[in-house]
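Novice: Once you've had a glance at the structure underneath, I'll fire off some questions.
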Amino acid sequence: TSATREYQNQKVDAAEAGRKLRVDYVLTGGFSSDPRMVRLKFELVNVRSRSRLLQEPVEVTHADAFRLQDIVAEKVIRGLGLDFPQGEQDRARTDVPGNPLAYQHYLQSLSYPEGYGGNELAFPLLQKCIELDPGYAPAYAELGSRREVAAVYALGGAGEIKMAEQAFLKALSLNGQLLDALSGLARLYTDIGQSDKAIG
């Protein structure tokens, strides 16, 4: 999320964004909903050729909204012709929240930019998410990332650094392979001059 947050609320050319981010493919999309259904339309773009590899609508009931991520992931895997072992697919599903309202709070928190104003709006949403679903690792990773920003860039002090570290460690205790938490903790240790911990 930290790499793509700068594109929020902007009309962005996917291929141009992909070149800037130095990736081969960009997955983009949007959704709409009514009282019964959630509708998602996504595109998978080849950055080099600027061609669309996939462009599909997906529709599920609100009760099945958490399945959207799995549905899109499976379609992307097939579209790229990847051999993705079942064990890897199962592991990718470990971070599905158990509470719809918790997930709503988490997604809303992501919509706010990192920085003092955005963080002040995101912090209570992440806390509500964690209260409703204390086993949802990505919420702790996002909280850690924002606490890190408050500590390092907004002069939040040692207290914020400690809270950021604790949030990242909690995320990793729930999912030791969560990339956002691993990279965030390494970045935090680097920023505060503890490079040995960052490498380890």
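The values are calculated or read from the model by the stated rules, or taken from the named source; none is laboratory data. All of these numbers come straight from a predicted model, not from anything done at the bench. Note: ideal-geometry Cβ built from the backbone for every residue, glycine included; neighbour counts use all protein chains shown. When the accessible area is computed, the model is the full protein with side chains, heavy atoms only, and any ligands, DNA or RNA have been set aside. Shrake-Rupley method; radii C 1.70, N 1.55, O 1.52, S 1.80 Å.
Novice: Could you size up the charge dipole of segment 107-160 around its Cα centre, putting +1 on the beta carbon of Lys and Arg and -1 on that of Asp and Glu, and report it in debye to the nearest 20?
Specialist: 20 debye
Novice: Still on this structure, please answer the following. What FRET efficiency comes out for Asn46 versus Gln8 if R0 is 25 angstrom and r is the Cβ-Cβ distance? Round to the nearest 0.05.
Specialist: For R0 = 25 Å, the calculated efficiency reads 0.60.
Novice: Karplus couplings for segment 47-59 from phi (6.51 cos²θ - 1.76 cosθ + 1.60, θ = phi - 60°), rounded to Hz, Gly and Pro as x?
Specialist: Result, ordered by residue: 5, 5, 8, 6, 9, 8, 7, 9, 7, 9, x, 10, 9 Hz.
Novice: Out of these labelled values of P(r) over Cα pairs in 10 Å bins from 0, in percent, (i) 8, 29, 34, 23, 5, 0; (ii) 8, 28, 37, 22, 4, 0; (iii) 7, 21, 26, 26, 14, 4, 1, which was calculated from the coordinates shown here?
Specialist: Identified label for the calculated read-out: (ii).
Novice: Follow-up question, since we're still on this one. Per residue, how large is the accessible surface of segment 94-143? Use a 1.4 angstrom probe and give square angstrom.
Specialist: That works out to 46 Å² for each residue.
Novice: Using the beta-carbon distance between Glu16 and Glu131 and R0 = 45 Å, what value does 1/(1 + (r/R0)^6) give for FRET efficiency, to the nearest 0.05?
Specialist: FRET efficiency, Glu16 to Glu131: 0.70.
Novice: If you don't mind, there's one more thing I want to ask. Between Leu174, Leu21, Leu185, where does the largest GNM mean-square fluctuation fall for the chain, given springs only between Cα atoms within less than 10 Å?
Specialist: Comparing Leu174, Leu21, Leu185 in a Gaussian network model of the chain, the most mobile one is Leu21.
Novice: Of Tyr112, Tyr136, Tyr153, which is the most mobile in a GNM of the chain whose springs link Cα atoms less than 10 angstrom apart?
Specialist: Maximum among the listed residues: Tyr153.
Novice: Which of the lysines could be linked to Lys75 by a straight reach, that is with a Cα gap under 27 Å, when you skip same-chain ones fewer than 8 residues away?
Specialist: Lys11, Lys20, Lys41
Novice: Does segment 110-198 classify as rounded, prolate or oblate by the C-alpha gyration tensor (a ≥ b ≥ c root eigenvalues; a/c under 1.5 gives rounded; else a/b over b/c gives prolate, otherwise oblate)?
Specialist: Since a/c reaches 1.5 but b/c is at least a/b, the shape of segment 110-198 is classed as oblate.
Novice: Quick one: dipole size for the chain, taken about the Cα centre, charges +1 on Lys/Arg Cβ and -1 on Asp/Glu Cβ, in debye to the nearest 20.
Specialist: Taking the Cα centre of the chain as origin, the dipole is about 400 debye.
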